[in-house]
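The values are calculated or read from the model by the stated rules, or taken from the named source; none is laboratory data. For clarity, every value in this text was computed on a predicted model and none was experimentally measured. Please note: Cβ atoms are built from the backbone with ideal geometry, for glycine as well, and neighbour counts cover all protein chains shown. Keep in mind that these areas ignore ligands, DNA and RNA; they rest on the heavy atoms of the full protein, side chains included. Shrake-Rupley method; radii C 1.70, N 1.55, O 1.52, S 1.80 Å.
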Amino acid sequence: MPVFSHPEFDAHEKVLFGHDPETGLKAIIALHNTSRGPALGGCRLWAYDSDEAALTDVLRLSRGMTYKSALADLPFGGGKSVIIGDAKTMKSDALFRAMGRLVESLGGRYHVAEDVGVTVADVEAMGQETRYVAGVPAGGAGDPSPATAWGVFCGLKASVRHKLGSESLNGLAVAIQGLGAVGRHLCAHLQAAGVKLFVADINEQAVQQAVEAWDAVAVAPSEIHTITAEVFAPCALGAILNETSIPQLNCAVVAGSANNQLATPEDGAALKTRGILYAPDYVLNAGGIVNISHESQLAGSSYDKATAFAHVARIGETLAEIYRLAERADLPTSEAADRLAEQRFKPATRQAA
Ligand code: NAD
């Protein structure tokens, strides 16, 4: 399995393969770039089709964390880990303790948090073997979703200000796809700001709650992206912005929390061509990780919600900078975000030990 010639290899500083025969642990930790500080990123447990698929994922995701941390102004670099296996059958305290020992072997160059297939309790199990765990109750930050939603709200406001020249959201319409942990908190902020909400979810109960709590208008999940509104906020699925959906959009701004919203990099250019302002997802949805970065074990002082949420609010200023760069350089905002991030970390200078 090639690593250095792998298409997703991007001068990663370190790629560590770990195996524990007793628990069946097969894991990969990738540190992409630690020029801003130790790597911070989640651990994903997934039934990959092959070891190569796991390597592809960890190389890609760890690089993404470098960009995300840089644009969120965090003193952290980019890293990620994957465990190969089925979350339904292979989870055990011993497995996560073995993973904790692997994290510990990096001596603090990588801090692990939860991700798909790995719960906060699983990270706490890793914490029996390493102190380099993040996003656990002991750190004080709690559930990341309120912070993520606050960041989306602040970034959405900055996007409306840039595109429509409006300081206020009062009287505007926002179409929200997905009323989960983030979507619900976002609804509350938007309604308090005087926004008319259009909502869709495959969970009918969640839709009913939104109709009752925030006077939202229910829309079919297949149609929510077509609603005429100032903003479309995807808060459910990846790859929602694609060659089919982009021509159907009837909004001025796309700003939502979902990860990997662009199906392909070219879809960023397609949005620009349509004159729709796209808030790059990894910038807009960084509130959760910003909040975690203020936890006691990472920040070195006890967690303070007001300080953490003020940091999250800076997502709006970062987006404004990205939009100015995109205009100056005539770039899609997705590319401008990457360029700005690259100005904020140094290429790897030190080779992995
Ligand atoms: P969640 O699982 O709590 O909510 C997702 C919601 O989307 C659910 O209510 C689900 O029923 C709904 N949904 C699924 N398919 C749908 C469809 N086809 N149409 C409409 N609704 C659909 O997830 P979440 O924590 O609210 O996160 C939402 C998105 O934001 C995800 O893409 C997630 O990766 C991303 N994100 C979340 C956080 C966070 O702090 N929770 C941080 C960064 C990014």
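For the range 155-276, the square roots of the Cα gyration tensor eigenvalues, ordered a ≥ b ≥ c, give a/c of at least 1.5 with a/b no greater than b/c, which places it in the oblate category.
Report in % the part of the accessible area of the chain that belongs to carbon and sulfur, leaving out ligands and nucleic acids; probe 1.4 Å. Present the calculation step by step, with values, prior to reporting the outcome.
On the way: 7700 of 15050 Å².
After summing per-atom areas, the C and S share lands at 51 percent.
As a check on your grasp of the helix formula, calculate [θ] at 222 nm for the chain: sum -39500 (n - 2.57) over DSSP H runs of n ≥ 4, divide by the residue count, round to the nearest 500. Walk me through the intermediate numbers first.
Numbers: 13 runs with 140 residues, N = 353.
Result for the chain: -12000 deg cm²/dmol, rounded to the nearest 500.
Positive end of the dipole of the chain (Cβ unit charges, origin at the Cα centre): among 286, 343, 231, the Cα lying farthest that way belongs to 343.
Taking Rh as the Kirkwood radius computed over C-alpha pairs, what is the Stokes-Einstein D of the chain at 4 °C in a medium of viscosity 1.567 mPa s, expressed in µm² per second? Taking Rh from Cα pairs, D becomes 62 µm²/s. Computed on the range 157-302, with alpha-carbon pairs under 8 angstrom and 6+ residues apart, the relative contact order is 19 percent. Scanning residues 5 or more positions from residue 33 or on other chains, those with amide H under 5 Å from its amide H are 13, 78, with H placed 1.01 Å from N in the peptide plane.
Antiparallel DSSP bridges in the chain: what percent, to the nearest 5? Numbers along the way, then the final one.
Working: 14 of 43 bridges.
Of those bridges, close to 35 percent are antiparallel.
Using a simple spin-label model with pseudo-atoms 7 Å out from Cα toward Cβ, residue 47 and residue 222 lie 2.9 nm apart. Of 74, 263, 16, which is farthest along the charge dipole of the chain in the positive direction, counting Lys and Arg as +1 and Asp and Glu as -1 at C-beta? Positive-end residue among those listed: 74. Note: relative contact order over the range 1-71, using C-alpha pairs below 8 Å and six or more positions apart, is 33 percent. The shape of the range 27-152 comes out rounded: with a ≥ b ≥ c from the C-alpha gyration tensor, a/c is under 1.5. Using a Förster radius of 45 Å, what is the FRET efficiency between residue 314 and residue 22 based on their Cβ-Cβ separation? Nearest 0.05, please. Efficiency, rounded to the nearest 0.05: 0.50. Loop sites here are GluC sites (Glu not before Pro) outside DSSP states H, G, I, E and B with no more than 11 other Cβ atoms within 10 Å. The longest part of the chain free of them is 23-166. Computed from the C-beta positions of residue 242 and residue 304, the FRET efficiency with R₀ = 51 Å rounds to 0.80.
The listed residues 289, 224, once ranked by accessible area (1.4 Å probe) with the largest placed first, stand as 289, 224. Checked against a 29 Å cut-off, the cross-linked pairs 68/305; 91/305; 80/346 give Cα-Cα distances beyond that limit for 91/305. Each Cα pair under 8 Å and six or more residues apart adds its sequence gap; the mean of these over the residue count of the range 62-158 is a relative contact order of 20 percent.
Would the range 280-353 count as rounded, prolate or oblate if I go by the C-alpha gyration tensor, calling it rounded below 1.5 in a/c and otherwise prolate when a/b exceeds b/c, oblate otherwise? Each step should come with its number before you reach the end.
Numbers: a/c = 3.07, a/b = 1.33, b/c = 2.30.
Note, shape of the range 280-353 comes out oblate.
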